[in-house]
1. Is there any pair linking a residue in region 18-32 that is without any contact (Cβ under 8 Å) to a residue 12 or more places away in the chain to one that is part of a helix (DSSP H, G or I) and of a type in the set (Val, Ile, Thr), with Cβ under 8 Å and at least six apart or on different chains, and which?
2. Assess whether Ser112 counts as being under 30 Å from Arg146 (Cβ atoms) and either modelled with pLDDT under 95 or among the acidic types (Asp, Glu) (or both).
3. Cβ-Cβ distance below 7 Å, separation of 6 or more or different chains: which pairs start in region 81-99 with a residue that is touching a residue at least 60 places away in the same chain (Cβ under 8 Å) and among the acidic types (Asp, Glu) and end on one that is surrounded by 11 or more Cβ atoms within 10 Å (Cβ to Cβ) and assigned to a helix (DSSP H, G or I)?
4. Taking region 62-84, which residues are of a type in the set (A, V, I, L, M, F, W, C) and more than 30 Å from Leu95 (Cβ to Cβ)?
Amino acid sequence: MQKNIKYLKAVFADFVYRLRDIRFAGQVLFVIIVLMISWSGVKAIQLNYKLQKQIATAKQENTIQQLENNNQRLENIYYNSKQYLDLQARANFGLASPGEKEIFVPLNVAISYEPKINTNLTTTPRVGVPKVQNNIQSWFNYFLHRK
């Protein structure tokens, strides 16, 4: 430990002695000035990067808000249109346009014309085949629209 301290004192004394030489002192001063200018430049670049990020974020938020406003304006135009008012009158008040006739169909007649839906969607597992193979086969049949 004592050797390290003595060595550092010697290096420092040599450095101070060399500072008496004007050329060495000028070089040290030049290096210090270059480091300060470089550090200042790096800070300016970093600040510009942060500001550019904030500007880009603000522009994106502005664009999003403009799109939302445009969407709301189009919705308002639609809600004031005759089509929307006609649809709402039909849905909520049971009104019809002039010249239209309303036909009432009995429930049993309407149900008889509905398409038949296959309620048996499960396939019976094949005996002696592993479950995994059964599952794969079931998916295969499903995607190929087989029963």
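The values are calculated or read from the model by the stated rules, or taken from the named source; none is laboratory data. The structure presented is a predicted model; accordingly, all values stated were derived computationally and were not measured. Here the Cβ positions follow ideal geometry from the backbone for every residue, glycine too, while neighbour counts run over all protein chains shown.
1. Partner pairs satisfying both residue conditions: Leu19/Val28.
2. The answer is yes for Ser112.
3. none
4. Ile64, Leu67, listed by residue number.
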